[in-house]
Amino acid sequence: MNKDIEKVLISEEEISSRCRLLASELEMNYKDLEEPLLIVGLLKGSVPFMAELMKRFTIPCEIDFMKVSSYVGTKSVGDVKINKDLDHTCDGKCVLIVEDIIDTGKTIKAVKQMFYNKGAKDVKIVALLDKPEGRQVDIEADYVGFTIPNEFVVGYGLDYDQKYRNLPYVGVLSPSVYTK
Ligand code: 5GP
Ligand code: MG
Ligand code: MG
């Protein structure tokens, strides 16, 4: 185990078996789509989770990525700023947003609204992790991998200061890392 990790919250095996179940649930719900599903990963945290899910899909799909960041200032599209926009149009499409973790809910709420503003027909959210205790706005993911307590976690895409995204599990950082 990485020396900066105090404890493993979710192991690699748990993530992989949960993703298998999630993927089959998603497949079932999207099986009657008339056009390809547009799967959009929010960079960078969603990358391992998105890869794990999409390789199990047999339904027609397209993938794209978006990068957003918290935005302090005017509130025309919620509290997020787009750093990298979609390559695809999403007019009339069914969109599945893939997110690493939902905490306050502000990011995903604003992003969901953005997709509807761009003309998406349907927008659903799948999140690897959910911290319901952190919620400040009224939004829920449609699909959640794991519900976790209100702790700061890293690994499996999630970073602290851009590090630890490569860990194959989700863990809690040792306090010594913050006080370095
Ligand atoms: P929110 O739901 O508060 O708008 O923001 C979610 C974003 O905050 C996530 O995409 C992630 O970048 C960051 N975040 C929230 N909780 C955690 C956490 O426990 N660990 C890490 N590494 N990032 C988090
Ligand atoms: Mg994120
Ligand atoms: Mg981060």
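What residues have an amide H closer than 5 Å to that of Ile125, excluding those fewer than 5 places away on the same chain, when H is modeled at 1.01 Å from N in the peptide plane?
Ile97, Asp142, Tyr143
Please check: in the Gaussian network model of the chain (C-alpha springs, under 10 Å), which one of Lys67, Lys93, Lys121 has the largest mean-square fluctuation.
Ranking Lys67, Lys93, Lys121 by mean-square fluctuation puts Lys121 first.
Which residues in the range 13-43 have a backbone N closer than 18 Å to a point placed 7 Å from the Cα of Asp159 along the Cα-to-Cβ line?
41-43
Students often forget the sequence filter, so: which lysines lie under 25 Å Cα-Cα from Lys81 once same-chain residues fewer than 8 apart are removed?
Lys44, Lys67, Lys93, Lys106, Lys109, Lys112, Lys118, Lys121, Lys124, Lys131, Lys163
With each pseudo-label sitting 7 Å past Cα toward Cβ, what's the Ser174-Glu27 distance in nm, one decimal?
4.2 nm
Against the 2.2 N^0.38 Å scaling, with N counting residues, where does the chain land? I'd like the Cα-based Rg ratio to two decimal places.
1.03
Under 9 Å from the Cβ of Lys93, count the other residues' Cβ atoms, weight Lys and Arg +1, Asp and Glu -1, and hand me the total.
So the surrounding residues net to -3.
Relative to the Cα centre, what is the charge dipole magnitude of the chain, using +1 at the beta carbon of each Lys and Arg, -1 at the beta carbon of each Asp and Glu, and rounding to the nearest 20 debye?
Once rounded to the nearest 20, the dipole reads 460 debye.
From the phi angles alone, apply the Karplus equation (6.51, -1.76, 1.60; θ = phi - 60°) to the range 137-142 and give each ³J(HN,Hα) in whole Hz, x where the residue is Gly or Pro.
10, 7, 7, 10, 6, 7
5 Å is the cut-off here: which amide hydrogens, built 1.01 Å from N in the peptide plane, fall below it relative to Cys90, excluding neighbours closer than 5 in sequence?
Sorted by chain and number, the residues that satisfy this come to none at all.
Average projected area of the Cα convex hull of the range 85-176, in nm²?
Quarter of the Cα hull surface area: 6.8 nm².
Whole-Hz Karplus ³J(HN,Hα) for the range 145-150, in order, using 6.51 cos²θ - 1.76 cosθ + 1.60 and θ = phi - 60°, x for Gly and Pro?
Result, rounded to whole Hz: x, 9, 8, 10, x, 6.
Based only on other Cβ atoms within 10 Å, what is the fewest-to-most ordering of Cys94, Cys61?
Starting with the residue having the fewest Cβ neighbours, the order is Cys61, Cys94.
So who's got an amide H within less than 5 Å of the one on Glu6, skipping anything under 5 residues away but keeping other chains? H placed 1.01 Å off N, in plane.
Val172, Leu173, Ser174
In whole Hz, with x marking every Gly and Pro, tabulate ³J(HN,Hα) for the range 118-132 from phi via Karplus 6.51 cos²θ - 1.76 cosθ + 1.60, θ = phi - 60°.
Values, residue by residue: 7, x, 4, 7, 8, 10, 10, 10, 10, 10, 5, 10, 9, 10, x Hz.
No value in this document is a laboratory result; all are computed from the given coordinates. Being a predicted model, the structure only gives us computed values, none of them experimental. Virtual Cβ from ideal backbone geometry, glycine too; neighbours counted across all protein chains shown.
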